[in-house]
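Right, one structure below, let's go through it.
Here, each number is a calculation from the coordinates, and none is a lab measurement. None of these values were measured; they are calculated from a predicted model. All Cβ positions, glycine included, derive from the backbone under ideal geometry; neighbour counts span all protein chains shown.
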Amino acid sequence: MEVLVMITTESSKRNALRVAKLLLQNKLAVCVSIKQIFSIYAWDDDIEETKEFEITIKSKPEIKDKLINFLHNISTYDVPQIIYKKYHSDIKYYDWLNNNI
């Protein structure tokens, strides 16, 4: 019983909420968590520091590619962070996830 957990980021809470709602409306996720983070990263030969919103997406492993394409199309970033991993889950959570996507 594997579930897909994917993490991306957005520059504002408004954008993060938009992404979360679109994922749920399009049945690409069963649950989305959003938290404010502070990121430091290399970009164009500089070190950037910025407030961002991390979006954690719970979904099905079988729709990983569809989810990645969707995030590329709606992200406000030129190079969106899209990282993911499969996790084992409790049977009740697995069933809930599969019945709602």
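The modelled label-to-label distance between residue 41 and residue 94, using points 7 Å beyond Cα along the C-beta direction, is 3.3 nm. So, R0 is 35 Å and r is the distance between the beta-carbons of residue 25 and residue 48; what FRET efficiency does that work out to, to 0.05? After rounding to 0.05, the efficiency reads 0.65. Hey, what angle do you get for helix 64-74 against the long axis of the chain, alpha-carbon based, 0 to 90 degrees rounded to 10? Helix 64-74 and the main axis of the chain meet at about 40 degrees.
Listed by chain and number, the aspartates and glutamates whose C-alpha is less than 17 Å from the C-alpha of residue 92, apart from same-chain residues fewer than 8 away, are 2.
Annotation note: chymotrypsin sites (Phe, Trp or Tyr not before Pro) in segment 1-79 located in DSSP loop regions with a Cβ neighbour count of at most 15 within 10 Å are 77. Please grab the % of Cα pairs in segment 2-100 that end up more than 16 Å from each other. Beyond 16 Å sits 56 percent of the P(r) for segment 2-100. Full extension of the chain between residue 11 and residue 73 gives 20.8 nm of extra length, using 0.36 nm per residue less the Cα-Cα distance. Ordering 91, 34, 55 by the number of other Cβ atoms within 10 Å of each residue's own Cβ, fewest first, gives 91, 34, 55. Here segment 2-100 is treated with +1 on each Lys and Arg Cβ and -1 on each Asp and Glu Cβ, and its dipole about the Cα centre works out to around 700 debye.
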